[in-house]
Amino acid sequence: MSDPSDDGDVRAAAGVDADGGAAPVEHVVAMLRERLYGAISCLATLAVLTRYTGDDTSGWGRMLDVAVTMGSLWAASLLADWVAHLGVHEQAPGRVEVWRMLQSSGQILQASLLPLLALATAGIGVLETDTAMWIAKWILVGELGLIALAAVRKTRLPLWQQIVTVVLLTGVGLLVIAIKVLAH
């Protein structure tokens, strides 16, 4: 089984708890949800930042903007899970629950890893910042498609419905980019 800290297949990472037991379906759902949320949030952040990116904009500055935004979303997700657990269970989460919370909320950070690396290439001068921003956005569109593929690959949906699901989720990413292009 994969190491849960790897940025590989979300289902494989979610399949084993810290204690080696099988993760409940709700945990796998939470991980996919947070990865999707992270990818869409990162894409939306990049779309907004593109409007304020000029020839003199630092790649490091944009990387910091995205890292702070995604780190804030991660912290908010973790806090929301903690508070929800307290409200429902009337006690602090145990070791396994904390591990699951960290695993699922960590998907937000993992969704932003490759886009941050693309922005780092602008920081070290390999690419222009605007080019790195576009590469990061396209990475996220591809990530949305992969998330959809991971979600539908083992379903009992007919193949055509699986394809439509993947195309629609990837289309959401394309729509964000199209709106950005049309608004600029």
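The values are calculated or read from the model by the stated rules, or taken from the named source; none is laboratory data. In this text, all values refer to a predicted model and were calculated from it rather than measured experimentally. Note: ideal-geometry Cβ built from the backbone for every residue, glycine included; neighbour counts use all protein chains shown. Calculation scope for accessible area: heavy atoms of the full protein, side chains included, ligands and nucleic acids excluded. Shrake-Rupley method; radii C 1.70, N 1.55, O 1.52, S 1.80 Å.
Details
- Of all the numbered requirements in (1) farther than 18 Å from Arg35 by Cβ; (2) open to solvent by less than 40 Å² (accessible area, probe 1.4 Å), Thr131 misses one, and that requirement is (2).
- In region 100-115, the qualifying residues are those that are hydrophobic (A, V, I, L, M, F, W, C) and open to solvent by 30 Å² or more (accessible area, probe 1.4 Å), and the one that is farthest from the chain's Cα centre (by Cα) is Leu102.
- With respect to the stated conditions, Leu119 fails to be open to solvent by 60 Å² or more (accessible area, probe 1.4 Å), closer than 29 Å to Gly61 by Cα and either of a type in the set (A, V, I, L, M) or not in a helix (DSSP H, G or I) (or both).
- When Gly61, Gly38, Gly87, Gly71 are screened for being open to solvent by 50 Å² or more (accessible area, probe 1.4 Å), part of a helix (DSSP H, G or I) and either modelled with pLDDT under 95 or small (Gly, Ala, Ser) (or both), only Gly87 passes.
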